[in-house]
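The values are calculated or read from the model by the stated rules, or taken from the named source; none is laboratory data. Keep in mind that what you see is a predicted model, and the values were worked out from it rather than measured. All Cβ positions, glycine included, derive from the backbone under ideal geometry; neighbour counts span all protein chains shown.
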């Protein structure tokens, strides 16, 4: 089966041989949910990454690197995210109480308030999304996702740098 450029791509979540395309299904759901969360959190002027840093940051004393690992954010993006949170007065870098060499990301009272509002938004979106799954299937769905995250997909595979090919210009 071929599709022209004018037709929408098939979103049946199947491989050419009819087997489920798990990568496509998870990717589609992740992308759609991420966009909904981003739209909801934009009302508060924060990104999904910023929300994760605030939410996780309120649970303990963590360095920027630790929070990045907890949120799945690379080092460069984490620096930019914490810089933005500091600019907004929602977080601050400060010395650790237990290790004077380490700096932790502290959530300010304003950050705690924004995180509480953001949690309400995120929970509403998740409730709306999960309401489309039959009640009898919801617990199993969450359990299976949790098993993947805590098991086989708990860490990211390290990939080498992409091979960049030199483009030869004609003429």
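Structure above, values below:
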| quantity | calculated |
| --- | --- |
| Qualifying residue in region 107-130 (condition: touching a helix residue (DSSP H, G or I) at 6+ places or on another chain (Cβ under 9 Å), surrounded by fewer than 13 Cβ atoms within 10 Å (Cβ to Cβ) and part of a loop (DSSP other than H, G, I, E, B)) | no |
| Which numbered condition residue 25 misses (of (1) surrounded by fewer than 20 Cβ atoms within 10 Å (Cβ to Cβ); (2) in contact (Cβ under 8 Å) with a residue 24 or more places away in the chain) | (2) |
| From 128, 113, 61, residue being at pLDDT 95 or above and farther than 19 Å from residue 29 by Cβ | 113 |
| Members of region 72-106 that are closer than 19 Å to residue 46 by Cβ, exposed (fewer than 14 other Cβ atoms within 10 Å of the Cβ) and more than 17 Å from the chain's Cα centre (by Cα) | 83, 87, 89 |
| Of residues in region 10-56 being assigned to a loop (DSSP other than H, G, I, E, B) and at pLDDT 90 or above, the one nearest to the chain's Cα centre (by Cα) | 47 |
| Filtered residues of region 57-78 (kept if farther than 19 Å from residue 114 by Cα, in contact (Cβ under 8 Å) with a residue 24 or more places away in the chain, touching a strand residue (DSSP E or B) at 6+ places or on another chain (Cβ under 9 Å) and assigned to a helix (DSSP H, G or I)) | 64 |
